[in-house]
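J.: Quick one: the structure is below, questions incoming.
The values are calculated or read from the model by the stated rules, or taken from the named source; none is laboratory data. This structure is a prediction, so every number in the text was calculated from the model and none was measured. Backbone-built Cβ (ideal geometry, glycine too); neighbour counts: all protein chains shown. Just so you know, the surface numbers come from the protein's heavy atoms only, side chains and all, with ligands and any DNA or RNA stripped out. Shrake-Rupley method; radii C 1.70, N 1.55, O 1.52, S 1.80 Å.
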Amino acid sequence: MTDLDQRIASVLREHAEGETDTHRLLRDSRALGRRRQVRRRTATGTALALVGVLGFVGVSGTDLGGLSGRLPWSAATPTAAPPVPPRADGVPGAAQRPDLVGTDPQVLHLGIDTGRARYLGWASDGLSGEQIRLSVGSGQPVLVEVNRSARPFDFSIDGFPPSAVPGRPTFDGEIRHVSGTTGGLVKTWRPAPGLYARASTLGGDRRALAAAVDALRWKEARRCAAPLKITSLPEGATVTACSVDVTAFPGSLTVQLTVFREPATMWVQLLYGAQISGGRAESNRTVGGRPAYLYPAGTKLELLGIPQAHLTADVVGPWTDGYLKDKPTFTEADMATVLAGTQVAKDLTDPETWK
């Protein structure tokens, strides 16, 4: 049974002797469908980065999630210190304002002590809340998810198969073993009133998981810094999510910004790899006076000419009861509008240029 099936069954059980809340059922199924598509989309980009940049050809079928892209959990430790998202001055942390978590795609309402741990990635969106992936020493990466509601943690655990979910979380702070192909550990707790958190890692190193949790800082806020900025949007559209993966930085990095206009979604992704020798040579479109390529399906547009990188806009939607209809409502002109206004940092390996 999928997480969507479980959620629907849960709602029906709760209302077995009364009127079914169809509005809630529709809302939850749509949200779960969008989250599932986000995870698949970002997992594909991460896998391509591994194949094209690291020469890794043994990518498994495990759902890597979105950073929700979740790392390749077993990725090698990068040789250089990854970027650190800068402070968001004047913005309260999650412990002070839990109601702000996940409301601004450009802000993370928590951070880590970089003297004790290192950032491997970060993300913020209105569906999954906020996430930080970090590592302590040479230990397995730890994914920390935080939300102002317990509902997103009811079923799925990113990076783990659905069958490995240990049941509805109790948020009691206990570290629990999760079964599955590789096994892992999960901790759910409430760092502050109105705030829910989950930390998960593959393997069985309880000490490393505890150290990662101790390195979290709940009274600070940081910007979802990225070497990619969107400056033009189609009418009625907004940027709703930001995801940055620096697991293998400076050799590679992935940035994904989500543009949403009810009921469709557009993913704008920058995939950089030091070993990408060149981009696509042929173009069949012009975007903002620059060569571009529209893929045969008509739902993906790539802006060409960025050294060692691919910059694409990819559209899906609209959603019906958690599932996709065949025809997106974003058009080729909408993708062109977004790509024409994108700004890419001059040096993708220098976070100082990510302004």
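J.: Which residues, taken from region 197-230, are over 30 Å from residue 312 (Cα atoms) and in a loop (DSSP other than H, G, I, E, B)?
T.: Residues satisfying the conditions are 203, 204, 205, 215, 218, 219, 220.
J.: Does residue 160 fit the bill of being out of contact with any Lys or Arg (no Cβ under 9 Å at 6 or more places or on another chain), among the aromatic types (Phe, Trp, Tyr) and part of a loop (DSSP other than H, G, I, E, B)?
T.: When the stated conditions are applied, residue 160 passes them.
J.: Could you list, in sequence order, all residues of region 111-154 that are more than 14 Å from the chain's Cα centre (by Cα), of a type in the set (S, T, N, Q) and part of a loop (DSSP other than H, G, I, E, B)?
T.: Answer for region 111-154, where residues must be more than 14 Å from the chain's Cα centre (by Cα), of a type in the set (S, T, N, Q) and part of a loop (DSSP other than H, G, I, E, B): 114, 138, 140, 149.
J.: Are there any pairs, at least 6 apart or on different chains, whose C-beta atoms fall under 6 Å, with the first in region 217-239 and farther than 24 Å from residue 115 by Cβ and the second among the charged types (D, E, K, R), and if so, which?
T.: The qualifying pairs are 234/334; 236/261; 237/261.
J.: A further question follows. Evaluate the following for residue 192: is it touching a residue at least 40 places away in the same chain (Cβ under 8 Å) and not in a strand (DSSP E or B)?
T.: Working: touching a residue at least 40 places away in the same chain (Cβ under 8 Å): yes; not in a strand (DSSP E or B): yes.
Answer is yes for this residue.
J.: Let me ask something else about it. Looking only at region 80-112, which residues are open to solvent by less than 10 Å² (accessible area, probe 1.4 Å) and free of Cβ contacts under 8 Å to residues at least 24 places away in the same chain?
T.: none
J.: Could you go through region 275-289 and let me know if any residue there is under 24 Å from the mean Cα position of the chain (by Cα), under 19 Å from residue 229 (Cα atoms) and not aromatic (Phe, Trp, Tyr).
T.: No: zero hits.
J.: Kindly provide the set of residues from region 172-204 that are of a type in the set (Phe, Trp, Tyr) and either modelled with pLDDT under 95 or open to solvent by 40 Å² or more (accessible area, probe 1.4 Å) (or both), ordered by number.
T.: Within region 172-204, 196 is the sole residue that qualifies.
J.: Which of the residues spanning region 66-101 are modelled with pLDDT of 95 or more and in contact with an Asp or Glu (Cβ under 7 Å, 6 or more places away or on another chain)?
T.: Correct list: 87, 93, 101.
J.: Next question. Return a yes/no flag: does region 290-305 have any residue that is surrounded by fewer than 18 Cβ atoms within 10 Å (Cβ to Cβ), without any contact (Cβ under 8 Å) to a residue 60 or more places away in the chain, of a type in the set (D, E, K, R) and part of a loop (DSSP other than H, G, I, E, B).
T.: Looking through region 290-305, none of the residues is surrounded by fewer than 18 Cβ atoms within 10 Å (Cβ to Cβ), without any contact (Cβ under 8 Å) to a residue 60 or more places away in the chain, of a type in the set (D, E, K, R) and part of a loop (DSSP other than H, G, I, E, B).
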